[in-house]
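Inspection log for the structure reproduced underneath, given as structure tokens.
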Amino acid sequence: MKYWRGYIAAGIIGALTWALMAFAESHTALVDMVYPYMTRLVQTSLAQWSSGIDVCLWQLLAVLLIVIVLASIVVMILLRWNFVQWLGWVLTGAAAIFALHTGLYGLNSYAGPLADDIRLEVTEFNTTELAEATTYFRDIAGALAMQVPRTADGEPDYPTFEELAEKAGDGFKTLTYEKYMSVFAGSTVPVKKLGWADMYTSMGIAGVTMGITGEAAVNPQTPVTAMPFVMCHEMAHRMCITLERDANLAAFLACDANTDPTFRYAGYFMAYKYCYNALIALNTTSSNAAAEEIAGGVNTVMQADLDRYDNFYFANRNESATNLADSLNDTYIKVSGDESGIESYTEVHDLLVSWYIQEIYIPAHKDEEIKFDPTDKNQVDLTDSITGGAAG
């Protein structure tokens, strides 16, 4: 019986964690009313506490855990412990860590979407509207590309990582205190540099946020054009905006609200990439034609930044490492309650197009006269005339 105590303990902890997640999934309204506000306070306290050291505390703890596991293996061999018994207690430790993460942070995945918190009406859109939004983001990004600091060779000449990190919270403060979006009232403690950068770069990972220590960390090797956006993305995670599509939208909004052109450029640069890729993914005659026309309108300065961004990840990507990281991340996201998995990153284009329609297109056309067209299905219900009438 003593050999199975670890497995029993791990099973109990796992079952309690699963029950907690199942409760959250079936009571999303209750979770949304209470949990995000409580955990945001916890994350703010943890972020303030862990900011006392420059390196990522969770990485130090990870190394310590690895050392403990390796040392326990040596002791197991020397003292001839039973392997089955040893493995049970290792699983107990892993289950306890995941349970702690779930309690402190993970259940935010079951809270309401960010769109509800910022009163963004997510609507269906067609290829034309996607193309119009992509064009809008392209044009703003192209104009901002001319405003950011550059070297004589045209390379981006940005401030240091630490200086950018200090400014990353400014946009969130504007959203919170000037636009009254309380969902962004979380910690704006500067993000940290992610250790073991080479390893994360080979996996295509730009940042990691750890709820157990309240740390948001960014890979310092991330192309500088996108760096401000990634900083805001990880900061949004620390504000308990856990869904990837929502964190991307939050990053865009924070960059747009920042007075620094490097942040605004990063926001529109990434918004353009997400929407353009979505347009390409449709792979229809009209979408391909629209994408070709839009790409042809990118100015040379922005195009050079796009090429540098794509070439960096292409040159540093390790296929095996990337596939492993994607598989693990996909599993984690799905287990945490988002069935889209890693696809949720790119799903931000739905939110970006809806934002464009609500904040840009509608206000610009609100005074236009809407002419009645009896053949327009958006104005007239033509169901009966098309089908020949409903069956009796």
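Since every read-out is calculated from the coordinates, none of them should be taken as a lab result. Since the model is a prediction, treat every value here as computed from it, not as a measurement. Note: ideal-geometry Cβ built from the backbone for every residue, glycine included; neighbour counts use all protein chains shown.
Given 20 °C and 1.002 mPa s, compute D for segment 107-193 with the Stokes-Einstein relation, Rh being the Kirkwood radius over Cα pairs; round to the nearest whole µm²/s.
Details: Rh = 16.6 Å.
Using the Kirkwood radius from Cα pairs, D works out to 129 µm²/s.
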Query raised in the report: Can you list residues whose amide H is under 5 Å from T209's amide H, if they're 5+ apart or on another chain and H is modeled 1.01 Å from N?
Result: A217
Query raised in the report: Put a dot 7 Å past each Cα toward the Cβ at I66 and Y332; how far apart are the dots in nm?
Result: 1.5 nm
Query raised in the report: What relative contact order, as a whole-number percentage, does the chain give when Cα pairs under 8 Å and 6 or more residues apart are counted?
Result: 21 percent
Report summary line: Charge dipole of the chain built from unit charges on the beta carbon (Lys, Arg +1; Asp, Glu -1), centred at mean Cα; most positive-end Cα among Y265, L144, S72 is S72
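Quick one: divide the alpha-carbon radius of gyration of segment 2-110 by 2.2 N^0.38 Å and tell me what you get.
Values: Rg = 17.5 Å, N = 109, 2.2 N^0.38 = 13.1 Å.
Normalised Rg, Cα atoms only: 1.34.
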Query raised in the report: In sequence order, what are the phi-derived ³J(HN,Hα) couplings for segment 132-145 according to the Karplus relation 6.51 cos²θ - 1.76 cosθ + 1.60 with θ = phi - 60°, rounded to whole Hz, with x for glycine and proline?
Result: 5, 5, 4, 4, 4, 5, 4, 5, 5, 4, x, 5, 5, 4
**Report entry** segment 138-228: relative contact order in percent, alpha carbon pairs under 8 Å with at least 6 residues between
**Finding:** 22 percent
Requested in this report: With a Förster radius of 25 Å, plug the Cβ-Cβ distance of E343 and Y313 into 1/(1 + (r/R0)^6) and report the FRET value to the nearest 0.05.
Outcome: 0.90
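FRET efficiency for S286 and M38, Cβ-Cβ distance as r, R0 = 41 Å, nearest 0.05? The partial results should precede the final answer.
Details: r = 48 Å, r/R0 = 1.16.
After rounding, the FRET efficiency stands at 0.30.
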Query raised in the report: Radius of gyration and Dmax for segment 242-290's Cα atoms, expressed in Å?
Result: 13.2, 39
Report task. Using only Cα atoms, locate the centre of segment 248-279 and the centre of segment 297-354, then give the distance between them in Å, rounded to an integer. Result -> 14 Å
**Report entry** Gain on full stretching of the segment that runs from Q85 to D116 - 0.36 nm per residue minus C-alpha separation
**Finding:** 6.3 nm
Report summary line: Counting only backbone N atoms under 14 Å from a point 7 Å out along Cα-to-Cβ of I12, the residues of segment 94-122 in range are 96
**Report entry** Sites L324 and K193 - FRET efficiency at Förster radius 22 Å, r taken between beta-carbons, to 0.05
**Finding:** 0.45
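Stretch A143-K2 to full length: gain in nm at 0.36 nm per residue minus the Cα-Cα span? Please list the in-between numbers first.
Numbers: separation 141, 0.36 × 141 = 50.76 nm, distance 6.86 nm.
Difference between extended and current length: 43.9 nm.
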Query raised in the report: Along segment 7-12, what does the Karplus equation 6.51 cos²θ - 1.76 cosθ + 1.60 (θ = phi - 60°) give for ³J(HN,Hα), rounded to whole Hz, x for Gly and Pro?
Result: 5, 5, 5, 4, x, 5
Report summary line: Taking a crude spin-label model, label points 7 Å out from Cα along the C-beta direction, the I360 to V75 distance in nm is 6.0 nm
